[in-house]
Amino acid sequence: MKTRSEAEKKYSEYELLKFAEERKYLMRNHPLRHIMWETTTRCNAGCAHCNCSCEKHNKVEEVDIKYMYKVLDDVNKAYGAQNVFFVTTGGEPLLRKGIFDVCKYATSLGYEWGLTTNGSLLTKTMVQRCKDAGLKSLNVSIDGLKETHESFRKLPGFWEKIWAGIDMMREEPAIPIVQITTVATKRNIHELEDLYNFLVSKGIKYWRILTVDENGRARENKDILLESEDYEYIFDFIDRHKKDGKLEDLTYGCSNFLGLNLEQRVRGGSFLCTAGILSSAILSNGDLFVCPNVTRKPELMQGNITKDNFVDVWENRYNFFRDENKMANPKCLACKDWKFCIGGSLHTFNFEERCQDFCMKERLKTFE
């Protein structure tokens, strides 16, 4: 007779095999579910891990917002606005002029939209503008307790201001989701328990934990990178606090396949990098891409909204991203978990060497 744990593991494998078949369907049919608009790469913070190395005075081309109205119109006509979530990100999106005009128009068409921000600009006026534009989901980055967070984000003296803005957002019934996102690093892993208790005391219900990836500024700040035992601790932490019921949702980010057991315990589902399959990105200069965190190689850009029709590009390009073997290499193909992982996260893939820069199977002792 199989033990309960053996039966659960077998059930998990069955579920993941089923999902592998569903993934093939998604790759063939690529139903658009998310559009991420990188409004700007300007930012008033200087985060130690920033993938795009954003700065306040970044001199970058920012596409005229008139093209965003056309994208929203075309997507609505093709797929229905109610089926696509519109995410505004950056840089710091609240630095972008015209963002609320675009988002208010999106709401009028039937889109739900979300804002990802460092929270430092959430004044009473900004909160009201978010509400008036129909904001449904706020995501604020908090990377430790006061001293750690301010140091990591290079936002000295902003802790109280950020939380004042979060509190104002939480008091708005029209904004149902206020989520905190934390990047776990060597600098804050020792504070996760205290941060958890603090978030619970503040009435936060949604928390997303990421683990720092070795790209962007993190390549220069190697002291923030995690070791094997750190990942083990973080996944145990998430599993433990998912079970205590004090948060409505505690999730882990999109980095890497975690193994049959941890996928169920930590993600509560299964791994899928949705870049180019369910998700598209419009970069600050109008380039059509998949995810702002993926390496920005010119040959991976699929077009530009100033000259290409978004729907046409989504339907007829993005072929590389919908190929199950796009990250295939001899080492990965020889792995028994290839059918579940298919190469891992695109944003941690080394395109020059055609291999994963980061494989969780090589980091975790408990990988199953």
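A few points about this structure:
- Of everything in segment 146-169 that is closer than 21 Å to His190 by Cβ and among the acidic types (Asp, Glu), the residue that is most open to solvent (accessible area, probe 1.4 Å) is Glu147.
- Residue ID - nearest to Asp230 (Cα to Cα), chosen from residues in segment 173-191 that are open to solvent by 30 Å² or more (accessible area, probe 1.4 Å) and among the aliphatic types (A, V, I, L, M): Ile177
- Test: Lys222 is more than 27 Å from Lys131 (Cβ to Cβ), more than 18 Å from the chain's Cα centre (by Cα) and open to solvent by 40 Å² or more (accessible area, probe 1.4 Å): yes
- Residues that are over 27 Å from Tyr233 (Cα atoms) and open to solvent by less than 80 Å² (accessible area, probe 1.4 Å) number at least 2 in the following helices (runs of 4 or more DSSP H) confined to segment 305-368: 310-316.
- Count of residues meeting criterion [open to solvent by less than 20 Å² (accessible area, probe 1.4 Å), assigned to a helix (DSSP H, G or I) and under 25 Å from Asn44 (Cα atoms)] in segment 65-99: 4
- Among the residues of segment 280-299, those that are under 29 Å from Leu258 (Cα atoms) and open to solvent by 10 Å² or more (accessible area, probe 1.4 Å) comprise Cys291, Pro292, Asn293, Thr295, Arg296, Lys297.
- Thr116 being polar (S, T, N, Q), part of a helix (DSSP H, G or I) and open to solvent by 10 Å² or more (accessible area, probe 1.4 Å): no
The values are calculated or read from the model by the stated rules, or taken from the named source; none is laboratory data. As the structure is a prediction and not an experimental result, all values here were calculated from the model. Ideal geometry is used to build each Cβ from the backbone, glycine not excepted, and the neighbour counts take in all protein chains shown. These accessible areas exclude ligands, DNA and RNA; they are computed on the full protein's heavy atoms, side chains included. Shrake-Rupley method; radii C 1.70, N 1.55, O 1.52, S 1.80 Å.
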